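The values are calculated or read from the model by the stated rules, or taken from the named source; none is laboratory data. Quick caveat, the model's predicted, so the values are computed rather than measured. Here the Cβ positions follow ideal geometry from the backbone for every residue, glycine too, while neighbour counts run over all protein chains shown. When the accessible area is computed, the model is the full protein with side chains, heavy atoms only, and any ligands, DNA or RNA have been set aside. Shrake-Rupley method; radii C 1.70, N 1.55, O 1.52, S 1.80 Å.
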Amino acid sequence: FSIESRSNPGCLCIKRYSNQQMTPLFVYITTSGPEEARKIGTTLVEMLLAAFVNILPPVESIYHWKGAIARETETVLIAKTRQDLFGRLSETVRSLHSYTNPCIVGLPIKEGSAEYLQWIADETASA
């Protein structure tokens, strides 16, 4: 990706390559608890599939599952990576995850600090 300033000096814009290989991505993942989130997050960073992960405090999730309403306490993990690594990251999460159908959702980062976004690209460049 490349960075260019807009008219507002505090606002930076990512200009995507046509193949979107370097597009930075947040990946939202729900897990069964903090231990599973730590295991998955550590593996993603060790494998350079994510530059950084956040593990958020437990959240209450309410959803349909097998014809019934389910309520669970889950732990959310947010990984910062590149769009071209999403497939490998997703496969790795699935291989470590306890859920049959885990939530693994990629959200493109449209704007951000140029230095931080470059750091994501640099830290995942060898993946």
Strands (runs of 3 or more DSSP E) completely within the range 17-123 that count 2 or more residues being of a type in the set (A, V, I, L, M, F, W, C) and in contact with a His (Cβ under 6 Å, 6 or more places away or on another chain): none
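Yes or no, residue by residue, for (1) on the phi < 0 side of the Ramachandran plot; (2) in contact with a Ser or Thr (Cβ under 7 Å, 6 or more places away or on another chain):
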site	(1), (2)
Thr31	yes, yes
Leu48	no, yes
Pro57	yes, no
Glu60	yes, yes
Val76	yes, yes
Ala79	yes, no
Leu96	yes, yes
Leu107	yes, no
Ser126	yes, no
Among residues of the range 35-47, those that are among the aliphatic types (A, V, I, L, M) and either open to solvent by 70 Å² or more (accessible area, probe 1.4 Å) or within 11 Å of Ser126 (Cα to Cα) (or both), counted: 1
Pairs where the first residue, in the range 48-62, is open to solvent by 70 Å² or more (accessible area, probe 1.4 Å) and the second is small (Gly, Ala, Ser) and in a strand (DSSP E or B), C-beta under 8 Å, 6+ apart: Phe52/Ala79; Ile62/Ala70
Test: Glu4 is open to solvent by 80 Å² or more (accessible area, probe 1.4 Å), in contact with a strand residue (DSSP E or B) (Cβ under 9 Å, 6 or more places away or on another chain), part of a strand (DSSP E or B) and at pLDDT below 95: yes
Answer residue from the range 78-97, given it is surrounded by 10 or more Cβ atoms within 10 Å (Cβ to Cβ) and of a type in the set (S, T, N, Q) and is farthest from the chain's Cα centre (by Cα) among those: Thr92
Thr75 being within 12 Å of Thr30 (Cα to Cα) and either within 10 Å of the chain's Cα centre (by Cα) or surrounded by 11 or more Cβ atoms within 10 Å (Cβ to Cβ) (or both): yes
Test: residue in the range 56-66 that is closer than 20 Å to Ala121 by Cα and over 13 Å from the mean Cα position of the chain (by Cα): no
Single condition Pro102 does not satisfy, out of (1) surrounded by 15 or more Cβ atoms within 10 Å (Cβ to Cβ); (2) over 18 Å from Leu48 (Cα atoms); (3) in contact with a Leu (Cβ under 8 Å, 6 or more places away or on another chain); (4) not hydrophobic (A, V, I, L, M, F, W, C): (3)
Criterion violated by Thr43 - all others in (1) in contact with a helix residue (DSSP H, G or I) (Cβ under 9 Å, 6 or more places away or on another chain); (2) at pLDDT below 95 satisfied: (2)
Count of the range 100-115 residues which are in contact (Cβ under 8 Å) with a residue 12 or more places away in the chain and of a type in the set (D, E, K, R): 2
